[in-house]
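In what follows, a single structure is set out as structure tokens and then discussed.
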Amino acid sequence: MLDQVCQLARNAGDAIMQVYDGTKPMDVVSKADNSPVTAADIAAHTVIMDGLRTLTPDIPVLSEEDPPGWEVRQHWQRYWLVDPLDGTKEFIKRNGEFTVNIALI
């Protein structure tokens, strides 16, 4: 399973880099907490969520871009914790200080 998850991270990174290098528009908007979210965040989120749901359909996913409520999560014994683009502010500045995070908790 580790190889497949690593490949998901690489695929998410590829989606992120299409925005970073200007192939696709950045489309920055603000989330409810006023933190930025870009097209790269959403693209990476989609890649990872689709992949994890296919790879491990029985394990729920907590992603920064679409977190289920506490009433849903509180009983999870095992779950994926995902930040599809950690360092969005740095990504927007194009300083290279960002990463894809996927962890099985």
Among (1) more than 16 Å from the chain's Cα centre (by Cα); (2) part of a strand (DSSP E or B); (3) not acidic (Asp, Glu) - the single one PRO25 does not satisfy: (2)
Restricting region 1-60 to residues that are at pLDDT below 95 and of a type in the set (S, T, N, Q), the residue that is surrounded by the fewest Cβ atoms within 10 Å (Cβ to Cβ): ASN34
If a residue counts only when it is under 18 Å from GLN4 (Cβ atoms) and touching a residue at least 12 places away in the same chain (Cβ under 8 Å), which helices (runs of 4 or more DSSP H) contained entirely in region 31-105 have at least 3 such residues? 39-55
Within the bounds of region 63-71, is there any residue that is modelled with pLDDT of 95 or more and either under 16 Å from the mean Cα position of the chain (by Cα) or basic (Lys, Arg) (or both)? no
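The values are calculated or read from the model by the stated rules, or taken from the named source; none is laboratory data. Keep in mind the model is a prediction, meaning the values are calculated, not measured. In this analysis, Cβ positions are derived from the backbone assuming ideal geometry, glycine residues included, and neighbour counts consider all displayed protein chains.
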